[in-house]
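Structure, as structure tokens:
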Amino acid sequence: MLIGASTGCQLRHWAPVEAKELPPAPGAKVLHSSRVIIAIAPSTASTQCISYERYRNLCFSGIRESLRQGIQSGLWPAFPEVVLGDFDDAGPSDYVLQVDLSLDALPPDDAGPGWSAGARGRYRVMREGQLLLEESFASRSRAEFAYGAPLKTGATEVVDAAIVRITDSVSRLEETRPLEGPALPQVATRRLDIAKR
């Protein structure tokens, strides 16, 4: 039974979430004309601790850093610039992506014989005060971990799954203001026969 959540834990197990270089989500991306600002919600603490009856506190750490790194690397193919900031940093036509995520440890049940990590949260994309996209999400890791430090693997799995979902959805947002530059001159080409060389 979950007793409470806090950012300061005394006797505890540590389960650091690993920040990894995830490849961009597969599939087509929309090329956007403005930068995107990643705003991790203040409620998403970098260290999130939970406690269960008869168990030591368990603290997941490195959550904000993992989210920032994963989302930043996942969005760069679709946006001209991806920066960390807040709504106040947004200029005209900038996108703002706000993300909120919390982690939990889930005891053994029908899903499997071990503990699993769970993630819940939501994200939204705004542009010039207009809401473009908003979703809530939940994910659960494999239920095969011992309680405590081994849950760092499960926590990394669910954070990565959330990152891939977020970056895939945001990368596909319709661009209503595509860049318009001067028309370039035509290029004449002739295919060369490589076999005759």
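FYI, it's all coordinate maths here, none of it is from the lab. No experiment lies behind these values; they were computed from the predicted model shown. Cβ placement follows ideal geometry from the backbone for every residue including glycine, while neighbour counts extend to all protein chains displayed.
See the values below:
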item	result
Relative contact order of region 72-145, defined on C-alpha pairs under 8 angstrom at six or more residues apart (%)	26
Principal-axis tilt of helix 63-75 within the chain, Cα atoms, nearest 10 degrees	20
Label-point separation in nm, residue 46 to residue 134, each point 7 Å along Cα→Cβ	2.9
DSSP beta bridge pairing in region 2-196, given as percent antiparallel to the nearest 5	70
Likely footprinting exposure, 169, 51, fewest C-beta neighbours within 10 Å first	169, 51
Helix 151-171 vs. the chain, principal-axis angle (Cα, 0 to 90°, nearest 10)	30
Positive minus negative residues near residue 24 (Lys, Arg vs Asp, Glu; Cβ under 14 Å)	+1
Rel. contact order, % - alpha carbon contacts under 8 angstrom, at least six apart, the chain	25
Per-pair calculated FRET efficiency, R0 = 30 Å: residue 195 and residue 22 via Cβ, rounded to 0.05	0.15
Span per principal axis, largest first, for the Cα atoms of region 106-167 (Å)	47, 21, 15
Calculated FRET efficiency for the pair residue 55/residue 102, C-beta based, R₀ 22 Å, to 0.05	0.75
Neighbour-count ranking [beta-carbon atoms within 10 angstrom, fewest first] of 115, 76	76, 115
Span from the region 127-197 Cα centroid across to the region 40-85 one, whole angstrom	17
Residues 166, 40 arranged by fewest to most Cβ contacts within 10 Å	40, 166
